[in-house]
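The values are calculated or read from the model by the stated rules, or taken from the named source; none is laboratory data. Because the structure is predicted, anything quoted here is derived from the model rather than measured. Heads up, the Cβs are rebuilt from the backbone with ideal geometry, glycines too, and the neighbour counts pull from every protein chain shown. All accessible areas refer to the heavy atoms of the entire protein, side chains included, with ligands and DNA or RNA removed. Shrake-Rupley method; radii C 1.70, N 1.55, O 1.52, S 1.80 Å.
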Amino acid sequence: MTLRRRPVRIAAVLVGACLGIAACNRGDGGAPTVALVLKTLNNPFFVEMEQGAREAADSLGIELVVQAPEREIDVEKQMQIVENLLQRRVDALLITPSGSREIVPAVVKANEAAIPVVVVDTRVDAPALEEAGARISSFIGSDNVDGGRMAGRFVAERLGGQGRVAVLEGIPGHETGDSRLTGFREVLAEHPGLEIVSSQTANWERDQAFNVTQNVLQSHPDLDAIFAANDVMALGAVEAVAAAGRTGEIVIVGFDAQDDARIAIREERMDATIAQNPREMGRLAVISADRLLRGETVPAEQPVRIELVTGQQTGAVEAPAREE
Amino acid sequence: MIPSASEPHPRPPEPIVLRMFGIRKAFPGVVALDGVDLEVRAGEVHVLLGENGAGKSTLMKVLSGAHAMDAGRIELAGSEVAISGPRHARDLGIGIIYQELALVPDLSAAENVFLGREPRRGPGLVDRGAMVAASRRILQTLGASFDPGLPVRVLSIAQRQLVEVARALSLEARILVMDEPTSALTERETGALFATIRRLTSQGVAVIYISHRLDEIFEIGDRVTVLRDGRRVATREVDGADRRELVRLMADREIDERVPRPAARRGDELLRVEGLGRHGVLHDVSFRVHAGEIVGFAGLLGSGRTEVARAIFGIDPHDAGRVFMRGRPARISSPRDAIRAGIGLLTEDRKRQGLVLELSIRENIVLPVLGSMSRFGIVSRRMERERASKHAAGLRIKTPSLEQVVLNLSGGNQQKVVLAKWLACEVDVLILDEPTRGIDVGSKQEVYQLIHRLASEGVGIVLISSELPEIVGLADRILVMRAGRVVAELSGDEASQESVLAHAVGA
Amino acid sequence: MALPRTKLLHGREVGTLAGLLALCAALWVATPHFATVSNLVNVVEQSAIIGIVAVGMTFVILTGGIDLSVGSIVALSGVALGTAHEAGLPIAAAAAVGLTVGLACGLGNGALITLGRLPPFIATLGMMSVARGIALMLSDGRPISGYPASFRALATGHVLGIPFPVILMLAIYAVAHFLLTRTLLGRYTYAIGGNEEASALSGINVRAYKAAAYAIAGLLSAVTSMLLVARLNSAQPIAGIMYELDAIAAVVIGGTSLLGGSGTVIGTLIGALIMGVLRNGLNLLGVSSYLQQVAIGSVIIVAVLVDMMLRRRARRAAE
Ligand SMILES: Nc1ncnc2c1ncn2[C@@H]1O[C@H](COP(=O)(O)OP(=O)(O)OP(=O)(O)O)[C@@H](O)[C@H]1O
Ligand SMILES: [Mg+2]
């Protein structure tokens, strides 16, 4: 009976959808196409990186394609995106790896297709890269270990070398988070009066950070400071501390200097963050791609400046304070 | 051969409330209705008669908006209507009791009766008290005494049928369709239902009544329309209609309606039940079934016949008594054990317990014996087809092929599939709970022949039926149950419908 | 109306297949990069991951159940393999450990559902958390990397130019199709999903066959994890997150009823390919990842909506 009409209907819907999407994406001329594959677009850090990259691409006349898996931790999906982009024959690949080792096979595939790879933000595991015989053209990123040290020194100074500290870790096994924690712990180890009473993961997420912090406050009511491996988690901690009515009593330090974190610092709900410069990373990445495509060489390491942001100098924040 | 529909009316005709003209409805491979006309007057009970698959239910589903017709016209009280769906039909004053029960199992009986039309007490608040009271009132007029607050899931199929009837009555429809409302009811509930129908018709309600029980038709019907193969073959006044002629019109052949009983050949004891009991349900039930014997279980609704079957078959636990097969104790705690021990049970509720509606006729028939048709877990299609067609053949299942999905069969044909399934199982003792429910007159005779043949092949048969003529006609011995006990044992020759009924009601 | 399932393709799959072909045609028009041999091979290869998980999910859904734990089992079996390999077991033995762990998780689900009488949703929700937790514990939350090339060939190898994951997936589909159409296991799976009570009353060992469906789902999750580890050269405790939803989507797009009792693995294969092609196409077109999520979600909803509508109509007509 009605069954026979079904294929036609589904087909019509799908064709319509695809053509519609295609229509929005037409218009590639002879400009080189550069793909930027991010970890996710649910994190302002990567959104800023994308903006920096777009600005550079526009001024250089490069067509930029930005793609990301829905979830930051989805290494397999990121791999698929890379494969699909290679099918599309992009001219260069800029990537922020979701997994330092897991990305290696994707790099190999790009190498095979003779597409230059620039790695941004998170380092690819060097031994794994070597073992697979893969090459990357450049790494652009900040020194996360150094950033961690910066945060550690700030906490030590604020607590006068004495106190209890909790740490909110990112997803275990991420080079970025691990480096930050390494630097932070390194500094704290130099101060015998500083004790890390808790170090747990909140998987880079705000709501999980809120819960973990609440729990830590239960077990360690005498907590003096919290270090979160990114601002998203730091902001979760800020809320949890506020909910416990202890804003201002506990030093909270994040990482990334997102706008929200800067606002929180200005309002004295948070104490410090480490400014990376994702916009600059994005910009540099596209410029590097441009130079590689012209046959020029780029440095293997391109460090991006890093700085401590505190109440004294929260920098320019466009958005007016509006929370709560 | 087909007589004209216009015959003299003995009394001044009531106004015509419903006219259906040239109704046509086809399904893939089947023309279910091929230009059917039907005319129903206010205050009459108009009976639809026809073999399984003749198109009765389909015609009524067209009327109730469940099916869209392919061609034809419907007039209500003289003006044409285009029925857009079940809701619309209800708003037009058409109420229907479907053949295949359509209740929500986890809601209470009362909630089912008023589903979608719950009495309100303020915005969004259901007036539960009013609902339960109203349901109880309606159910009592039908002779049912169970608590309307019980979930439908726990009710027997007969009780559920009464809930359906109550639901249709509560609609206060002007045209009330009843598609085999009595197929699971015993005489008592049927009597109460008929009293209700008479009350309704005296108020001018038109009732369209479908049943395969011809006695009922003569008792309650005013006029009868006979359908055959999707066509109307006649409309008659019931008064003065000849029973044999009606059967001939339906089946297009002569059918001997007498239930034939060959001499009993009683062989070895197969099944022995001793002191079977389940607290509050069954008390000290004992009986034996021998090879070649047909043992009938009679009793009123709720007397415990189905419960005995369920306990023996390992569906319900029992807390007293023992079951022996061929003299050896049988440890049965699940239907699987029972089938292994050589016992089969055809359940009364074909839709819920008998069939997998999405599977084909073939797949349903061989389901219990599939294991024996497989090697290393791989099923032999050839054996399946052979076994299925062997057992379907005797039952005249109306279908384009055995690969048809059971869902698409008419009610009576679905029942035949369940029968075929248990015939194919080739067990030693077969318990049949309402085996001819919804089966037409002609096919019933064939089912009776089959039961005889099974018995003559040495199978022991336990027959549970609400149709007294069936039990009295077929059984070699009849056990009458009342309130969970066996209260009488009659031999087939001495039993009459009257004597069985007397024991059943305890008079 | 429902037709017999004996033919390889019947009405429902033809519809889904037409949807897939239409999608491909549209992408072919929209981008020159889609209809190349290498891209098409690439799409099928990518679909293998969800495709294999979805086979197990099909068995479970056919019985009228659901398995939310497949993604976590993918992670746990991978980590089990990784841990065993790190501990010095040869890779084949380590793989056997991984497969056994997956099978055991599936059997655990089956036991909770049949013996413990837990609703499948609850039992597998619990397993989802337990398996994930054990995976994180075993691995300390860290990926376990570095596998011999012989093992990695599982993902990178080719036979006659066809990537090995594709061959593995097709082989699994062929076996599953055979199981469902020709064996007791298959018939009973449909029967139980269609009417559990009637199946039990026909003497079918409902518990055993239901548990078998979950065991198959667990085992195939483990197979998937082998592919994933080989592909990424790393066993991740956070692998497979939300695979259950992708797998359910593939099964349902493929026309299997969530109520159980009807559907085919061929439909599921087509469903998995639709999801794979859609993702691939959206990547090729350079669609923003926000819009991609909208597009994928919409296709799932529309496909199932149309399917359910027809099914309801057929069902209502038949009752
Ligand atoms: N949904 C459907 N799909 C295909 N065929 C159908 C469907 N519904 C009914 N039929 C077919 O239409 C015919 C008429 O069926 P219907 O249910 O009207 O019979 P009936 O007269 O009510 O029979 P019974 O006495 O067995 O209830 C049968 O051959 C049946 O198989
Ligand atoms: Mg009928």
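Of note, B:Glu470 does not satisfy the criterion of being at pLDDT 90 or above and of a type outside the set (A, V, I, L, M).
Looking only at the range B:188-214, which residues are within 21 Å of the chain's Cα centre (by Cα) and in contact (Cβ under 8 Å) with a residue 60 or more places away in the chain? Reasoning before the result, please.
To start, the set of residues in the range B:188-214 that are within 21 Å of the chain's Cα centre (by Cα) comprises B:188-197, B:207-214.
Those that are within 21 Å of the chain's Cα centre (by Cα) and in contact (Cβ under 8 Å) with a residue 60 or more places away in the chain: B:Arg188, B:Glu189, B:Ile197, B:Val207, B:Ile208, B:Tyr209, B:Ile210, B:Ser211, B:His212, B:Arg213, B:Leu214.
Within 16 Å of ligand 2 (Cβ to nearest atom) and not small (Gly, Ala, Ser), is that true of B:Ile197? So B:Ile197 fails the test. Looking at the structure I just gave you, is B:Val81 modelled with pLDDT of 90 or more, under 24 Å from the mean Cα position of the chain (by Cα) and away from ligand 1 (no atom under 16 Å from the Cβ)? Considered against the rule, which asks whether it is modelled with pLDDT of 90 or more, under 24 Å from the mean Cα position of the chain (by Cα) and away from ligand 1 (no atom under 16 Å from the Cβ), B:Val81 comes out as no.
Kindly indicate whether any position in the range A:170-189 is without any contact (Cβ under 8 Å) to a residue 24 or more places away in the chain and more than 25 Å from A:Val304 (Cβ to Cβ).
The first filter runs over the range A:170-189 and keeps only residues without any contact (Cβ under 8 Å) to a residue 24 or more places away in the chain, leaving A:178, A:189.
Now drop any that are not more than 25 Å from A:Val304 (Cβ to Cβ), which leaves A:189.
Within the range A:170-189, one or more residues are without any contact (Cβ under 8 Å) to a residue 24 or more places away in the chain and more than 25 Å from A:Val304 (Cβ to Cβ).
Mind checking whether some residue in the range B:83-94 is within 16 Å of ligand 2 (Cβ to nearest atom), farther than 29 Å from B:Arg248 by Cβ and of a type outside the set (Asp, Glu)? The answer is no, given that none of the residues of the range B:83-94 is within 16 Å of ligand 2 (Cβ to nearest atom), farther than 29 Å from B:Arg248 by Cβ and of a type outside the set (Asp, Glu).
For C:Pro119, indicate whether it is open to solvent by 20 Å² or more (accessible area, probe 1.4 Å) and either farther than 24 Å from C:Ser234 by Cβ or touching a residue at least 24 places away in the same chain (Cβ under 8 Å) (or both).
Details: open to solvent by 20 Å² or more (accessible area, probe 1.4 Å): yes; either farther than 24 Å from C:Ser234 by Cβ or touching a residue at least 24 places away in the same chain (Cβ under 8 Å) (or both): yes.
Yes; evaluated as a whole, the condition is true for this residue.
Taking the stated definitions as given, is B:Arg326 out of contact with any Lys or Arg (no Cβ under 7 Å at 6 or more places or on another chain), charged (D, E, K, R) and either farther than 17 Å from B:Asp433 by Cβ or without any contact (Cβ under 8 Å) to a residue 60 or more places away in the chain (or both)? Don't jump to the end; show me each part of the working.
Working: out of contact with any Lys or Arg (no Cβ under 7 Å at 6 or more places or on another chain): yes; charged (D, E, K, R): yes; either farther than 17 Å from B:Asp433 by Cβ or without any contact (Cβ under 8 Å) to a residue 60 or more places away in the chain (or both): yes.
Considered against the rule, which asks whether it is out of contact with any Lys or Arg (no Cβ under 7 Å at 6 or more places or on another chain), charged (D, E, K, R) and either farther than 17 Å from B:Asp433 by Cβ or without any contact (Cβ under 8 Å) to a residue 60 or more places away in the chain (or both), B:Arg326 comes out as yes.
Scanning the range C:14-48 for residues that are touching a residue at least 40 places away in the same chain (Cβ under 8 Å), of a type in the set (A, V, I, L, M) and either more than 9 Å from every other protein chain (Cβ to nearest Cβ) or within 11 Å of C:Leu273 (Cα to Cα) (or both) yields a count of 7. If the condition is being among the aliphatic types (A, V, I, L, M) and free of Cβ contacts under 8 Å to residues at least 60 places away in the same chain, then the range A:152-169 contributes only A:Ala156.
Note on the range B:231-321: enclosed strands (runs of 3 or more DSSP E) holding 2 or more residues that are within 24 Å of the chain's Cα centre (by Cα) and over 18 Å from B:Leu479 (Cα atoms) are B:231-237.
Residues in the range B:112-167 that are at pLDDT below 85, of a type outside the set (S, T, N, Q) and either touching an Asp or Glu at 6+ places or on another chain (Cβ under 7 Å) or under 21 Å from B:Ser183 (Cβ atoms) (or both): B:Pro119, B:Arg120, B:Arg121, B:Val126, B:Leu142, B:Gly143, B:Ala144, B:Ile157, B:Ala158. Which residues, taken from the range B:46-62, are open to solvent by 10 Å² or more (accessible area, probe 1.4 Å) and more than 6 Å from ligand 1 (Cβ to nearest atom)? The answer is B:Glu51, B:Lys61. B:Arg188 - would you say it is under 25 Å from B:Glu498 (Cα atoms), open to solvent by 10 Å² or more (accessible area, probe 1.4 Å), in the same structural domain as B:Arg90 (by TED's automatic domain parsing) and not in a strand (DSSP E or B)? Criteria met by B:Arg188.
Restricted to the range B:144-188, and to residues there that are within 14 Å of another protein chain (Cβ to nearest Cβ) and within 11 Å of B:Leu103 (Cβ to Cβ), the residue that is farthest from ligand 1 (Cβ to nearest atom) is B:Arg153. What tally of residues in the range A:67-102 results from selecting those that are more than 7 Å from chain C (Cβ to nearest Cβ), open to solvent by less than 10 Å² (accessible area, probe 1.4 Å) and either in contact with a strand residue (DSSP E or B) (Cβ under 7 Å, 6 or more places away or on another chain) or farther than 19 Å from C:Ser145 by Cβ (or both)? Matching residues across the range A:67-102 total 10.
In this entry, C:Val175 passes the filter for residues that are open to solvent by 20 Å² or more (accessible area, probe 1.4 Å) and under 29 Å from C:Ser257 (Cβ atoms). Selection of the range A:133-143 for residues being within 14 Å of chain C (Cβ to nearest Cβ) and under 12 Å from A:Ala110 (Cβ atoms) yields only A:Ala134. Name the single residue, out of those in the range B:398-415 being under 14 Å from B:Gly55 (Cα atoms) and more than 10 Å from ligand 2 (Cβ to nearest atom), that is farthest from the other protein chains (Cβ to nearest Cβ). Out of the qualifying residues, it is B:Lys398. Of all residues in the range B:53-73, those that are assigned by TED's automatic domain parsing to the domain that holds B:Ile96 have Cβ atoms under 9 Å from Cβ atoms of residues that are among the aromatic types (Phe, Trp, Tyr) and within 13 Å of ligand 2 (Cβ to nearest atom), 6 or more apart or on another chain, in B:Ser57/B:Tyr98; B:Met60/B:Tyr98; B:Lys61/B:Tyr98; B:Ser64/B:Tyr98; B:Ala66/B:Tyr98.
Residue by residue, here is whether (1) surrounded by 24 or more Cβ atoms within 10 Å (Cβ to Cβ); (2) not in a helix (DSSP H, G or I) holds:
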| residue | (1), (2) |
| --- | --- |
| C:Gly240 | yes, yes |
| C:Leu245 | no, no |
| C:Ser257 | no, yes |
| C:Gly263 | yes, yes |
| C:Gly267 | yes, no |
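Counting only residues that are in a helix (DSSP H, G or I) and surrounded by fewer than 17 Cβ atoms within 10 Å (Cβ to Cβ), the range A:186-224 holds 8 of them.
Within 24 Å of B:Val486 (Cβ to Cβ) and more than 14 Å from chain C (Cβ to nearest Cβ) - does that describe any residue in the range B:439-449? Spell out the reasoning first.
To start, the set of residues in the range B:439-449 that are within 24 Å of B:Val486 (Cβ to Cβ) comprises none.
No, that holds for no residue.
Only residues that are assigned to a helix (DSSP H, G or I), open to solvent by 10 Å² or more (accessible area, probe 1.4 Å) and within 14 Å of chain C (Cβ to nearest Cβ) were counted in the range A:45-66, giving 4. Just so you know, in the range B:27-52 the residues that are in a loop (DSSP other than H, G, I, E, B) and in contact (Cβ under 8 Å) with a residue 12 or more places away in the chain include one that is nearest to B:Phe218 (Cα to Cα), and it is B:Glu44.
Select from the range B:265-309 the residues that are closer than 30 Å to B:Glu446 by Cβ and out of contact with any strand residue (DSSP E or B) (no Cβ under 8 Å at 6 or more places or on another chain) and write down the one among them that is surrounded by the most Cβ atoms within 10 Å (Cβ to Cβ). Per the stated criteria, the residue is B:Leu301.
Within the range C:132-150, residues that are within 8 Å of chain A (Cβ to nearest Cβ) and surrounded by fewer than 23 Cβ atoms within 10 Å (Cβ to Cβ) reach no partner that is in a loop (DSSP other than H, G, I, E, B) and at pLDDT 90 or above with beta carbons closer than 9 Å at six or more positions or on different chains. Taken over the range B:310-330, the residue count meeting the criterion of being open to solvent by 40 Å² or more (accessible area, probe 1.4 Å) and within 12 Å of B:Gly342 (Cα to Cα) is 1.
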